[in-house]
Amino acid sequence: MIPLSWFLILSAALFSIGLFGVLSRRNAVAILLGIELMLNAANINLVSFWRYGDISLMAGQVFAIIVFAVAASEVAVGLALVISVYRRRNTVIADELDLLKW
Amino acid sequence: MTAMQIFFLITGLVILGSALMVVTTRNLIHAALWLIVTLFGVAVLYAILNASFLAVVQVVVYIGAIAILFIFAVMLTRKEMRDRGPQLNKGWWLNAIIALLTFGGLFWMLQSWNGFSKTAADFPSGYDAVGQLGRALISPDAFVLPFEVASVLLLAALVGAVYIAFNRK
Amino acid sequence: MNFWFDPVNFIAHWLNSLLVGWGMAEWLAALIIQLVGVVVLISLMMVFDVFLVWVERKVVARFQDRLGPNRVGPFGIFQPFADIIKLIIKEDITPDGADKVVYNLAPILSLMSVLLLWAIVPLAPVIFGVDLNVGALYIVAAGSIGTLSIIMAAWSSNNKYALIGAFRQVAVLISFEIPMIATMLIPTILAGSMGMNEIVRGQQTVWYVVLAPLAALTFLIAAIAELGRSPFDLNEAESEIVAGFHIEYTGMKFGLFYAGELLHAFTFGGFWAVLFLGGYHFFGLENLGPLVAVVILFAKAMFGYWVIMWIRYTVMRMRIDHMLAFNWKFLTPVAFVVLMLTALMNTLLRNTSSVVYIAGMLLTNVLLCWIIVEILRGFSRAERERTEGVASATVAAHH
Amino acid sequence: MQNDWFYIGLFLVIGLLIPVSALLASWIVSPKKPNPIKQSTYECGMETVGENWVQFKAQYYIFALVFLVFDVETVFLFPWAVSLGSLSLFAVIEGIVFVLILLAGLVYAWRKGMLEWV
């Protein structure tokens, strides 16, 4: 049987990779890809805590499903923002969107 | 080392390797395709964890809908097929250190927790997890409010996204 | 243990005793038996796929008042083998600028996504791949891999027509997926389970097509759109975009797409049978033995496939705006209304006698159908008056 | 339940191997005589002009967006549908309210003219 620690380490590593993507990518769509990785890492944790705890308590699975809904909403609104910005500014490079810095 | 553990390690390596490709590859469509590999690996993890419903939902929602939306968005926001210029920020090595530190911090914090290397009891055969989930989602003293709020959240996302992206004047 | 009443277990036991008798470890023997089962099932489907090529060509020929293949063997039955040999020895062209890995992966994924569906089809009470308790969503999941393969094929082959075809195809696929999922929820409600075996078992007394005829119809329409078949075959509108997403594929790679498409149509015929037409049930005939049940299921799947072909070769292609409007403004709301009504009536009537239950469900559907037709009639009357008003106004302006 | 997934995994592997072997057989047997004309992009014999990049119609994106939201919604409905048989009328009403809220989104998109093909 696989110990819980393996799942937790895997999800921590996935979270860190996602964080790196969010911080380093220049393209706004790629930043959203990084956020997806981080949300998935969180979901792995939720499901493994459900499995390794009391399986008759469904909180872990319910939270995971709510995270699916949140991820879907985040992608829908996030990509809509990116497209809206692209139409006005003709770029999706996050560094070049510096209107608010002035 | 049981067969299950070896299988887990292979899946984990595939997940982490493809996740690294997601954040480093230059071609954004390739990044989205690598993301699909990662998400599929996570679905396999859910299957290992006996969460069949979530494994299937992962494929339906992430690969069937979110990845498609990403690919559409990449195609919509490019003037040409090739990606020019650097894809990473100048200070990417600093970010790599931050990510490594985060991983180290999480690891340190987790291994100091006494439930860290807990093992699970065998999964009872014939346990109806989907039915349990349905009852948990509906029963008023469990998660009925999150259930309805999720609907409102999705409604808000739909209205907001449609309004932001395609507000014709 | 009897071969006639439980053939799969009979053969599995026989194989197991044989392999263990050779001194093989227990787990290895079990693995080999499972592997043999999978290989047999998939090979059976591939052989059937070859047969489907002949069926499709023969049926389309009859619809168009031709004879169809009739030279190779009796009734041209060996024609598909000639086709396969031709596809195999044909030169395989990869266009310049193609993304090699993705380009080669797409046809493989396309066929795989269809083959995967057969893992959960209950062929008979004791002959099935696996009784997955999330069967209905599994169908959607396998379908989403198919959608992905279309995008991959179009993007990697570096061709404008392919990309346009894929956009259209994917827009249609994902749009019609919603009514399809919504109608798959209805057998789930009626059977109280997502597993295909449970759904078929629930239809022992009465087929779900009687309890939910509107859902069965909606599922069929959505399935035809999912298959990209006429009247929803915009992805390969020959006069506009040549062949759609697989325009750059030649030889065996095209063959894989083609084989996948045919088997997909038959598979959806099969799922229509499983979800609504009672699966392997046919008035107690399935009790004669599992092999009879398999024949019944295949006959029903063939019927579904024939209905799909019938519609394909009779109805004209729709325009994309009509198609998407049809889905989002008609099929999706209808599917959800049917879903809500079925859930409500099922709960209200579940404690009554079975006659009242069946009559109640049927009457609800008939009533809803009448309301929908009335709304459509009112709508089309308004539309006709509007266009006639415009037409007479233009005529008046000309004078 | 893991045995079920093991079986599906086997199915996946064999389902991958069969198309791959078909491609391999074809690769071994078929002739390979590439030339630039043959390798060029097929556009009914016309010279290919420009990149393969076509203007992506934003309308496709809207449908993908609406699809995403409804897809997630149906995922919520499946557990509800499975456990419906043992639940009271109240639970059915909850599910109906859930669907109605989402249909309001569809109606919004419809009224805003987002579902029109322009």
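The values are calculated or read from the model by the stated rules, or taken from the named source; none is laboratory data. Since the structure is predicted, the reported quantities are computational estimates derived from the model, not experimental observations. Cβ sites come from the backbone with ideal geometry, for glycine too, and all protein chains shown count toward neighbours.
Summary of values
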| read-out | value |
| --- | --- |
| Filtered residue count, the stretch B:133-168, keeping only those that are surrounded by fewer than 20 Cβ atoms within 10 Å (Cβ to Cβ) and more than 7 Å from chain D (Cβ to nearest Cβ) | 14 |
| Filtered residues of the stretch A:3-34 (kept if in a helix (DSSP H, G or I), over 14 Å from the mean Cα position of the chain (by Cα) and closer than 12 Å to B:ASN89 by Cα) | A:SER24 |
| Residue in the stretch C:96-115 that is part of a loop (DSSP other than H, G, I, E, B), of a type in the set (Asp, Glu), over 30 Å from D:ASN35 (Cα atoms) and more than 8 Å from chain D (Cβ to nearest Cβ) present | no |
| Which listed residue is more than 14 Å from chain C (Cβ to nearest Cβ), within 30 Å of C:PHE167 (Cβ to Cβ) and modelled with pLDDT of 90 or more, from B:ALA19, B:ALA43 | B:ALA19 |
| Qualifying residue in the stretch C:176-191 (condition: of a type in the set (D, E, K, R), within 11 Å of another protein chain (Cβ to nearest Cβ), surrounded by 22 or more Cβ atoms within 10 Å (Cβ to Cβ) and part of a helix (DSSP H, G or I)) | yes |
| Any hit, the stretch B:100-123, residues being within 14 Å of chain D (Cβ to nearest Cβ), of a type in the set (Val, Ile, Thr) and touching a helix residue (DSSP H, G or I) at 6+ places or on another chain (Cβ under 6 Å) | no |
| Close pairs (8 angstrom Cβ cut-off, 6 or more residues apart or separate chains): facing another protein chain (nearest Cβ under 7 Å) in the stretch D:95-118, surrounded by 15 or more Cβ atoms within 10 Å (Cβ to Cβ) and not in a helix (DSSP H, G or I) anywhere | D:ALA109/D:LEU115; D:MET114/B:PHE166 |
| Count of residues meeting criterion [closer than 16 Å to C:LEU105 by Cα and more than 10 Å from chain B (Cβ to nearest Cβ)] in the stretch C:120-149 | 1 |
| B:ASN50 vs. criteria part of a loop (DSSP other than H, G, I, E, B) and buried (at least 16 other Cβ atoms within 10 Å of the Cβ) | yes |
| Per-region count, the stretch C:304-355, residues more than 11 Å from every other protein chain (Cβ to nearest Cβ) and not in a helix (DSSP H, G or I) | 9 |
| Candidates B:TRP108, B:TRP113 - the one that is part of a loop (DSSP other than H, G, I, E, B), among the aromatic types (Phe, Trp, Tyr) and surrounded by fewer than 13 Cβ atoms within 10 Å (Cβ to Cβ) | B:TRP113 |
| Given (1) within 7 Å of chain B (Cβ to nearest Cβ); (2) modelled with pLDDT of 90 or more; (3) surrounded by fewer than 22 Cβ atoms within 10 Å (Cβ to Cβ), index of the condition A:LEU14 fails | (3) |
| Residue among B:ASN27, B:ASN50 that alone is within 13 Å of chain C (Cβ to nearest Cβ), in contact (Cβ under 8 Å) with a residue 40 or more places away in the chain and out of contact with any helix residue (DSSP H, G or I) (no Cβ under 8 Å at 6 or more places or on another chain) | B:ASN27 |
| Residue that is nearest to A:SER48 (Cα to Cα), among those in the stretch B:118-143 that are free of Cβ contacts under 8 Å to residues at least 40 places away in the same chain and hydrophobic (A, V, I, L, M, F, W, C) | B:ALA120 |
| Boolean, C:ARG168 is of a type in the set (Lys, Arg), in contact (Cβ under 8 Å) with a residue 24 or more places away in the chain and in a helix (DSSP H, G or I) | yes |
| Which listed residue is assigned to a helix (DSSP H, G or I) and either free of Cβ contacts under 8 Å to residues at least 12 places away in the same chain or buried (at least 19 other Cβ atoms within 10 Å of the Cβ) (or both), from A:VAL62, A:VAL70 | A:VAL62 |
| Some residue of the stretch C:27-49 being small (Gly, Ala, Ser) and either outside any helix (DSSP H, G or I) or in the same structural domain as C:VAL126 (by TED's automatic domain parsing) (or both) | no |
| Residue in the stretch D:73-93 that is within 7 Å of another protein chain (Cβ to nearest Cβ), touching a Phe, Trp or Tyr at 6+ places or on another chain (Cβ under 6 Å) and part of a helix (DSSP H, G or I) present | no |
| Qualifying position, being closer than 30 Å to C:VAL200 by Cβ and assigned by TED's automatic domain parsing to the domain that holds C:SER156, among C:VAL102, C:VAL121 | C:VAL121 |
| Per-region count, the stretch A:51-82, residues within 21 Å of B:PHE116 (Cα to Cα), under 20 Å from the mean Cα position of the chain (by Cα) and facing chain B (nearest Cβ under 7 Å) | 2 |
| Residues being in contact (Cβ under 8 Å) with a residue 24 or more places away in the chain and either closer than 17 Å to C:PHE51 by Cβ or in the same structural domain as C:PHE63 (by TED's automatic domain parsing) (or both) - total across the stretch C:299-331 | 9 |
| Residue list for the stretch C:2-25, restricted to those being under 20 Å from C:VAL292 (Cβ atoms) and exposed (fewer than 12 other Cβ atoms within 10 Å of the Cβ) | C:ASN2, C:TRP4 |
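Listed here are the residues, each with its yes/no results for (1) of a type outside the set (D, E, K, R); (2) over 29 Å from C:HIS322 (Cβ atoms); (3) at pLDDT below 85; (4) in a helix (DSSP H, G or I).
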{"residue": "C:VAL206", "(1), (2), (3), (4)": "yes, yes, no, no"}
{"residue": "C:ASN235", "(1), (2), (3), (4)": "yes, no, yes, yes"}
{"residue": "C:GLU240", "(1), (2), (3), (4)": "no, no, yes, yes"}
{"residue": "C:MET252", "(1), (2), (3), (4)": "yes, yes, no, yes"}
{"residue": "C:LEU256", "(1), (2), (3), (4)": "yes, yes, no, yes"}
{"residue": "C:GLU261", "(1), (2), (3), (4)": "no, no, no, yes"}
{"residue": "C:VAL274", "(1), (2), (3), (4)": "yes, yes, no, yes"}
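Matching residues to (1) under 24 Å from C:GLU248 (Cβ atoms); (2) not assigned by TED's automatic domain parsing to the domain that holds C:LEU163:
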residue: C:PHE51; (1), (2): no, yes
residue: C:GLY68; (1), (2): no, yes
residue: C:THR94; (1), (2): yes, no
residue: C:GLY97; (1), (2): yes, no
residue: C:LEU109; (1), (2): yes, no
residue: C:VAL114; (1), (2): yes, no
residue: C:VAL126; (1), (2): no, no
residue: C:ALA142; (1), (2): no, no
